[in-house]
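What follows is one structure encoded as structure tokens, with my remarks underneath.
The values are calculated or read from the model by the stated rules, or taken from the named source; none is laboratory data. Remember, it's a predicted structure, so these values are computed and weren't measured experimentally. All Cβ positions, glycine included, derive from the backbone under ideal geometry; neighbour counts span all protein chains shown.
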Amino acid sequence: MAPAPVGCWVKTTSPARIDLAGGWTDTPPVSYEYGGTVVNAAIKVDGSHPLEARVRRISTEPVIRFWMEGQDEPVVCREKEDISDYGHPLAPAALSKTGVLCIGLVDLADKRSLAEQLAANLGADGDGAIGLEVITASRLPMGSGLGGSSILGGALLQAMGVAVGRAMDTSSLVHAVLKLEQMLSSGGGWQDQVGGLYGGFKICRSPAQLPLKVESEVLSASPETVAKFNSHLVLCYSGRARLARNLLQGVLRRWAARLPEVVDTVSNLVPSYPLIPPTHPVCASRNLGLWRRSRMRRRSSPRCSAAMSKPSRGASLRTGRRRS
């Protein structure tokens, strides 16, 4: 695939996701031992996609500029050392830095300088590309629990891939985000990116095996089903940020210790997906088993819930595909 023209922005937007059943079963090492099955849905927030990535190749100077929404100045990387803090999730532009490494544009172990690697990996047919500019934006609160980081990672990799001529299909993108999150040290499973990169309702599975392989089945839903689901859907932000890495580490420590309440909870989460039949309607919370699943998740991670204190924001099911 040919890269986008020099100076041409490639823009990708993505929805958020809501988890309906099976959350935590997608997370290694739980998914290795039990297999994972998750049902979730892509949603718009306030009528639009809340996550966005834009990427373009530049010919003006051999640098990578990372822009983030709400910041007046970019993070400018001129040397490989400027990217070396990518493994710290709270470092400036950590997600974007990891994306550049994940897609193979820069290799920190390569003896060549950053400028030499960019010239070799960005240039196409002598078009003069020697640098990269990346913009990421999220209208979701940090730690909102809507899969923002993983889905934004997928949007970023897709925009970057199209810009430099390394685009991936959706299934490959799901697995690439798994790699990105491990590099970023945020951990996590695969359900967030599946939820946002595929539209509508879907059942996603990974067998209990290595290497991990995620298979996604998009469920058909009539306009009436979507309308009914939307009429029951209200999105509220609790005002309490929860960093996924911290939650994950807490649960996995308890899992590794084989605490009965955690092991029992996870084993009960795995078969919970049949509560949502493929024939729908996927509308009423009693059909989804949400209340039962919510109690089980609180047992595995008591900090995963917080009292709601901030005004609600509009949410609606997204039935289309990711826009690129």
**Request:** Would you check which residues across the range 123-146 are small (Gly, Ala, Ser) and in contact (Cβ under 8 Å) with a residue 24 or more places away in the chain and list them?
**Result:** 124, 128, 129, 131, 137, 138, 143, 144, 145
**Item:** Per-region count, the range 147-158, residues touching a Gly at 6+ places or on another chain (Cβ under 9 Å) and either among the basic types (Lys, Arg) or in contact (Cβ under 8 Å) with a residue 60 or more places away in the chain (or both)
**Value:** 8
**Prompt:** Does at least one position in the range 221-234 carry a residue that is assigned to a helix (DSSP H, G or I), over 25 Å from residue 155 (Cα atoms) and modelled with pLDDT under 75?
**Reply:** no
**Fill in**
Here the qualifying pairs (Cβ atoms under 8 Å; residues six or more apart or on different chains; first in the range 83-110 and more than 19 Å from residue 158 (Cα to Cα) and of a type in the set (A, V, I, L, M); second modelled with pLDDT of 95 or more and in a loop (DSSP other than H, G, I, E, B)) come out as 83/106; 83/108; 91/85; 108/84
**Asked** Looking at the range 67-89, is at least one residue under 15 Å from the mean Cα position of the chain (by Cα) and under 25 Å from residue 190 (Cα atoms)?
**Response** yes
**Message:** Being at pLDDT below 90 and under 10 Å from the mean Cα position of the chain (by Cα) is true for just one of 147, 143, 189, 195. Which residue is that?
**Reply:** 189
**Asked** If you check every pair at least six apart or on different chains, which have Cβ atoms under 9 Å apart with a residue in the range 1-24 that is farther than 16 Å from residue 42 by Cβ first and a residue that is of a type in the set (Asp, Glu) and in a loop (DSSP other than H, G, I, E, B) second?
**Response** 2/125; 3/127; 5/127; 6/127
**Asked** Mind checking whether some residue in the range 166-180 is in contact with a strand residue (DSSP E or B) (Cβ under 8 Å, 6 or more places away or on another chain), of a type in the set (A, V, I, L, M, F, W, C) and in contact (Cβ under 8 Å) with a residue 60 or more places away in the chain?
**Response** no
**Request:** Go through the range 22-37 residue by residue and tally those that are surrounded by 24 or more Cβ atoms within 10 Å (Cβ to Cβ) and over 16 Å from residue 187 (Cβ atoms).
**Result:** 1
**Item:** Qualifying positions in the range 46-59 - crowded, with 21+ Cβ neighbours inside 10 Å and of a type in the set (Val, Ile, Thr)
**Value:** 55
**Fill in**
Among residues of the range 39-79 being part of a loop (DSSP other than H, G, I, E, B) and acidic (Asp, Glu), the residue farthest from residue 7 (Cα to Cα) is 46
**Request:** Would you check if there is a residue in the range 184-193 being more than 24 Å from residue 33 (Cα to Cα) and assigned to a helix (DSSP H, G or I)?
**Result:** no
**Within the range 129-176, considering residues that are part of a loop (DSSP other than H, G, I, E, B) and small (Gly, Ala, Ser), the one surrounded by the most Cβ atoms within 10 Å (Cβ to Cβ)** = 147
**Request:** Collect the residues in the range 12-26 that are over 15 Å from residue 149 (Cα atoms) and among the polar types (S, T, N, Q), keeping them in residue-number order.
**Result:** 25
